[in-house]
């Protein structure tokens, strides 16, 4: 990281920092003589020893030293947000390159930040990581991290990432593994680009790096390529159609189980849910997925986890809270069949009247079927179409539910990392800057986020009954676990 020094924005009253004369506006330059690169590096340096020698700079440019006996703990300061390190590669299926024009600045961010990979499970290609940064990962024990490998065959990887210097991903992986860093890996699979023999080599190379103890490839997920309708002047990439997805599921589902048996029963090869939804087949049972739901944030096991929770919830007394409710559930085309089956089971069990409608994605193109990339206008159109089909009355439903994953509550990847020049949006904002309160006002009925499961959804509906969403402060009434907090189309 090029940045040296992190600004102090707040000092806790009575803290070690206050006693040492540190004030908001000071810049923390060095700890133990080493430059402070960012918040994560600060946490590493400040906790290394029981005492800390600090060098700081005042706003007027003067410097001073401070010594604190902190016992290996923090000293009571809040530090300024770190700026995200952005990707400079040109992956042929990069989602950001397929974004339509006119969206907010943060949606065109391609993060290539090893800190976000460690903290939040974002995938990095390591293409922007030199040897010094790899050494930092090892030294600061940033393990595990998440790496987009895509292909281990050098020429194939160069075709994917668009950088002739980044074909040898195994050299970088081996450097991390030798340093004791565990790695979760993924390959975005595109027909004719990195499938077939290239995929088999990737699988073999990464499996060979699964080891006991520290320094292991913990998992490999494969994800079908996602293409939007906005690929003008971009390389030709073949989409994963239902036939290809069915063949992939048939070929690799048994292999997932075989690799799991060889890995002490823990799934190592992971198939993203989209393989099954595109193929139009049921997702496998619970044993198919990691005991810890590894790579859940990458779309591996989300459907199965929802089904497992729904099965238990429908049998519980709590499910009766849905009795008599007339609710329209909007979602993406991929998840709609699954959600419709669950809604029908709930209706039969408790006498509710839940209906599911698959919202077409006009913003990114109808080939994009995941709920997290639906925009506010897409959802508004789907709700109005449903109302017209039901006779056009203003009371056609008691409430409308939108996918929590379509709401983005941060304009940067997290509240700790930011993008220069980004404008903060209010809570409950869709990708197209249409807001949940605007949608509710347009539809004339309570409009709430889905949450991550039926229990969350019922909480949201009951909160709407109490008027909890009127006048803002939306997140105070939301289950935030169901919201897609990381911001940007790189994380659909």
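Quick note: the coordinates plus some simple rules give every number you see, no bench work behind them. Here the structure is a predicted model, which is why all the values come from computation and not from measurement. Reconstructed Cβ throughout: ideal geometry from the backbone, glycine too, with neighbour counts over all protein chains shown.
A few comments on the model shown:
- Taken along its three principal axes, the alpha carbon spread of region 96-300 comes to 43, 43, 31 Å, from the longest extent down to the shortest.
- The chain - share of DSSP beta bridges that are antiparallel (%, nearest 5): 45 percent
- Cβ-derived FRET efficiency at R0 35 Å, residue 266 paired with residue 344, nearest 0.05: 0.55
- When each of the peptides 53-65, 303-315 is scored by the mean number of other C-beta atoms lying within 10 Å of its residues, the order from highest to lowest reads 303-315, 53-65.
- Here the spin labels are modelled as points 7 Å beyond Cα on the Cα-Cβ line, and at residue 229 and residue 133 they lie 3.6 nm apart.
- Highest mean packing comes first when the peptides 323-333, 252-262, 337-347 are listed by Cβ atoms within 10 Å, giving 323-333, 337-347, 252-262.
- Whole-Å distance, taken between Cα centres, linking region 354-374 and region 108-184: 32 Å
- Angle in degrees between helix 169-178 and the longest Cα principal axis of the chain, rounded to the nearest 10: 60 degrees
- Report summary: the helix-based calculation at 222 nm, which adds -39500 (n - 2.57) for every DSSP H run with n ≥ 4 and divides by the residues of the chain, gives -9000 deg cm²/dmol.
- Modelled FRET efficiency - R0 25 Å, residue 63 with residue 141, Cβ distances, 0.05 increments: 0.25
- Taking 357, 404 and counting other C-beta atoms within 10 Å, the order from fewest to most: 357, 404
- Each residue in 42, 108 was given a count of other beta-carbon atoms within 10 angstrom of its own, and listing them fewest first yields 108, 42.
- With an a/c value of 1.5 or above and a/b not larger than b/c for the gyration tensor axes a ≥ b ≥ c computed over the alpha-carbon atoms, region 358-409 is described as oblate.
- For mean projected area of the Cα convex hull in nm², the value calculated from this model appears in [x] 25.5; [y] 28.9; [z] 23.7 under label [x].
- Modelled label positions at residue 287 and residue 465, each set 7 Å beyond Cα in the direction of Cβ, lie 4.1 nm from each other.
- Degrees between helix 196-207 axis and first principal axis of the chain (Cα, 0 to 90, nearest 10): 50 degrees
- Computed over region 183-238, the ratio Rg/Rh where both radii use C-alpha atoms and Rh is Kirkwood: 1.11
- Label-to-label distance, nm, for residues given as residue 312 and residue 80 (7 Å Cα→Cβ offset): 4.6 nm
- Taking every Cα-Cα distance in region 6-80 and sorting them into 5 Å bins starting at zero, the pair-distance distribution P(r) comes out as 3, 18, 31, 32, 13, 2, 0 percent.
- Prolate/oblate/rounded label for region 1-148 (Cα gyration tensor, a/c 1.5): prolate
- For region 98-205, the square roots of the Cα gyration tensor eigenvalues, ordered a ≥ b ≥ c, give a/c of at least 1.5 with a/b no greater than b/c, which places it in the oblate category.
- Added length on full extension, which subtracts the Cα-Cα distance from 0.36 nm per residue, residue 320 to residue 23: 101.4 nm
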